[in-house]
Amino acid sequence: MNILHIDSACLGDNSASRQLTAAIVDALRVRHWDANVAYRDLGASQLSHVTGPLLQVLRGQWNSAIPLNDELQGEVMLTELLLAEFMVADVIVLGAPVLTLSVPSTLKAWLDRIVLEQRTYTVAPNGRTTGLAKGKRVIVASTRGGPTLAGMNEYHTGYLKAVFAMVGITDVHVLEADNLAQGSAAREQAIEAAMQQAALLAA
């Protein structure tokens, strides 16, 4: 089994989502002791936003009007590495704290690198997309400081499910911990409940 472990929180050791993704990976490795784990910390090593020239190169639309300088070549090589990590993974464990009602921009930058036409999905003449990354499983650690209000998940976990569905992944499980900023007792209770979910999801 190949596991891709992604953290996107910017809070370091104070991050609940980091605690949960680590617990999920540990539980998976108990059951799959020979699993290969690739780890990427988007909070510590942030990706740059996708640019027009980068997209053109990745889509095979590069021409001599675009200077293929060292910086652009480096971004292309990094994107190829991210795509390789993603495509070889059987399970993606994703830390996705709620930030301004949605995912952190660090995570959005990663998604923009792996959701690419002809690489992870195709588009038919009628506009219908077909995912090229089928057969994978995604486990999302979703954390937030307050309660989960009606409609909020549409912008967060709903968005993530839609993105992964676009590349052919429908096996998406969400582990939630909310009210983390409502005092130490509420935080401990939420994390403990999420840890129990983590053990079940890894089974």
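The values are calculated or read from the model by the stated rules, or taken from the named source; none is laboratory data. The structure presented is a predicted model; accordingly, all values stated were derived computationally and were not measured. As a convention, Cβ positions derive from the backbone with ideal geometry for all residues, glycine included, and neighbour counts pool all protein chains shown.
Contact annotation: no residue pair with Cβ atoms under 8 Å, 6 or more positions apart or on different chains, pairs a residue in the stretch 125-146 that is at positive phi with a partner that is of a type in the set (D, E, K, R) and buried (at least 22 other Cβ atoms within 10 Å of the Cβ). Contact map, the stretch 57-74: first residue closer than 18 Å to Glu117 by Cβ and touching a residue at least 24 places away in the same chain (Cβ under 8 Å), second residue of a type in the set (Val, Ile, Thr) and surrounded by 11 or more Cβ atoms within 10 Å (Cβ to Cβ), Cβ cut-off under 9 Å, separation 6 or more or different chains; pairs are Leu58/Val50; Leu58/Val76; Leu58/Thr79. All conditions but one from (1) free of Cβ contacts under 8 Å to residues at least 40 places away in the same chain; (2) within 17 Å of Asp7 (Cα to Cα) apply to Leu47; the one that does not is (1). Would you pick out the residues in the stretch 77-113 that are of a type in the set (D, E, K, R) and more than 17 Å from Leu132 (Cα to Cα)? Correct list: Lys108 only.
Could you check, for the stretch 181-188, whether at least one of its residues is at pLDDT 75 or above and in contact with a Lys or Arg (Cβ under 9 Å, 6 or more places away or on another chain)? Scanning the stretch 181-188 turns up no residue that is at pLDDT 75 or above and in contact with a Lys or Arg (Cβ under 9 Å, 6 or more places away or on another chain). Just one of the listed residues (His49, His32) is within 19 Å of Leu201 (Cα to Cα) and of a type outside the set (A, V, I, L, M), namely His32. Residue count for the stretch 6-40 under the criterion of being farther than 23 Å from Arg113 by Cβ, of a type in the set (A, V, I, L, M) and outside any loop (DSSP other than H, G, I, E, B): the result is 7. When the stretch 83-124 is filtered for residues that are in contact with an Asp or Glu (Cβ under 7 Å, 6 or more places away or on another chain) and small (Gly, Ala, Ser), only Gly95 remains.
Listed here are the residues, each with its yes/no results for (1) under 16 Å from the mean Cα position of the chain (by Cα); (2) more than 28 Å from Asp34 (Cβ to Cβ).
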site	(1), (2)
Ala96	yes, no
Val123	no, yes
Ala133	yes, no
Ala141	yes, no
Ala165	yes, yes
